Amino acid sequence: MGLNAEELNVGDSYSEVIVEDLTRTQIVQYAGASGDYNPVHSDEKFVTEVAGYPTVFAHGMLTMGMTGRMVTNYVGDGRLTYYGVRFVNQVWPGDTLTARAEVAEVREENGETLVDLAISTTNQDEQFVLTGNATARLN
Amino acid sequence: MAVERFPVEASHILMFARSIGDSNPIYADESHAASTEVGSIIAPPTFAQASAQFDPDYFLRPKDGQKWFGSGGTASGTLVKEKADEDSDSEDEKSGSSAGGLHAEQHFTYHRHLRPGDVLTAETKPGESWEKESKRAGVLKFSESITEYRDQDGELVVTARGVGVVTEKVIEQ
């Protein structure tokens, strides 16, 4: 497993559709697993009447988790040394998200060969919902 | 936040992986995992965040005997009642801050990956805070926190940096 350094070039990319038609149920599932029960993610009455949003929205960490699946499918299991993101737009029920990784640099550090990836996730309107970076060990 | 005991368990990893739609057997199937270079089940990259389950004071989990700010008979168990007597359309009530803020950034540095059987501690320290003006949500107040996850041997396994934001008003869609 893992990517081979000699086969990677700056600009190479990999993408996956990480969710199609995101459901409120999946958001609830993430709340239960993560322990983040903020009602803005599951409570229609609270989020519309108190928080003032049109409906519930996904945890940023759900989008980061789903995007992480694309990253580990690309670089291999247990290969990440860093993964960090910014949440740039909210993710709503019904959204279909595509996550993409692009090779920014292949480098050596402390005797290991690493790849730096630029990460982004977009919705069905091609609006960015997440941007970030990841670093992984290569063969 | 301080978590004194975060036991990493296989069933929790399985549920967490399901919730992010990740059916990779490295998160669920012991015999598959044993045949890979990793050698055992590991946790998905963002799993450390589920330490919230083991934080006794975590404010986004309803607790026995305490009022919860989500809806019950009214739209909020705590926030609305106090304000309902005043001006129900007050700007404050509609502010993003009533939702306790939003998550702006999250970063993880992996010293090694988490496995079932690990028993972690997590210690969080505040980082920097700053403000920014935005068109869609008014003044944004950011605050950073750094969490160090250590294993049963006291070794640093994951360093997390989170940034939260409180918006002046609800983000325009």
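How many residues, within region B:5-37, are within 10 Å of chain A (Cβ to nearest Cβ) and touching a helix residue (DSSP H, G or I) at 6+ places or on another chain (Cβ under 8 Å)?
Within region B:5-37, the first condition is being within 10 Å of chain A (Cβ to nearest Cβ), and the residues that meet it are B:12-27, B:33, B:36-37.
Still in the running and touching a helix residue (DSSP H, G or I) at 6+ places or on another chain (Cβ under 8 Å): B:12-27, B:33, B:36.
So the count comes out to 18.
Quick check, is A:E44 at the interface with another protein chain (Cβ under 10 Å from one of its Cβ atoms), acidic (D, E) and open to solvent by 30 Å² or more (accessible area, probe 1.4 Å)?
Considered against the rule, which asks whether it is at the interface with another protein chain (Cβ under 10 Å from one of its Cβ atoms), acidic (D, E) and open to solvent by 30 Å² or more (accessible area, probe 1.4 Å), A:E44 comes out as yes.
Any idea which residue in region A:96-139 is most open to solvent (accessible area, probe 1.4 Å), counting only those that are more than 28 Å from B:I171 (Cα to Cα) and among the acidic types (D, E)?
Per the criteria, the residue is A:E108.
Within region B:100-117, is even one residue hydroxyl-bearing (S, T, Y) and either modelled with pLDDT under 90 or over 26 Å from A:T63 (Cβ atoms) (or both)?
For region B:100-117, residues hydroxyl-bearing (S, T, Y) and either modelled with pLDDT under 90 or over 26 Å from A:T63 (Cβ atoms) (or both): absent.
Which condition breaks for A:T81 when tested against (1) modelled with pLDDT of 95 or more; (2) surrounded by fewer than 21 Cβ atoms within 10 Å (Cβ to Cβ); (3) more than 7 Å from chain B (Cβ to nearest Cβ)?
Tallying (1) modelled with pLDDT of 95 or more; (2) surrounded by fewer than 21 Cβ atoms within 10 Å (Cβ to Cβ); (3) more than 7 Å from chain B (Cβ to nearest Cβ), A:T81 fails exactly one: (3).
Being buried (at least 16 other Cβ atoms within 10 Å of the Cβ), within 17 Å of the chain's Cα centre (by Cα) and in a loop (DSSP other than H, G, I, E, B) is true for just one of A:L3, A:L22. Which residue is that? Give the steps one after another, and end with the answer.
Working: A:L3 fails: within 17 Å of the chain's Cα centre (by Cα).
The unique qualifying residue is A:L22.
Among the residues of region B:65-75, is there at least one that is without any contact (Cβ under 8 Å) to a residue 40 or more places away in the chain, of a type in the set (V, I, T) and more than 7 Å from chain A (Cβ to nearest Cβ)?
Among the residues of region B:65-75, at least one is without any contact (Cβ under 8 Å) to a residue 40 or more places away in the chain, of a type in the set (V, I, T) and more than 7 Å from chain A (Cβ to nearest Cβ), which makes the answer yes.
Would you please name the residue that is surrounded by the fewest Cβ atoms within 10 Å (Cβ to Cβ), looking only at residues in region A:47-76 that are aliphatic (A, V, I, L, M) and more than 8 Å from every other protein chain (Cβ to nearest Cβ)?
Only one residue tops the list, namely A:V56.
What are the residues in region B:99-153 that are closer than 17 Å to B:D55 by Cα, open to solvent by less than 30 Å² (accessible area, probe 1.4 Å) and polar (S, T, N, Q), if any?
B:T147 - this is the single residue of region B:99-153 that is closer than 17 Å to B:D55 by Cα, open to solvent by less than 30 Å² (accessible area, probe 1.4 Å) and polar (S, T, N, Q).
The values are calculated or read from the model by the stated rules, or taken from the named source; none is laboratory data. Note that the structure is a prediction, hence the values are computed from the model and not measured. Virtual Cβ from ideal backbone geometry, glycine too; neighbours counted across all protein chains shown. Only protein heavy atoms, including side chains, enter the accessible area calculation; ligands, DNA and RNA are left aside. Shrake-Rupley method; radii C 1.70, N 1.55, O 1.52, S 1.80 Å.
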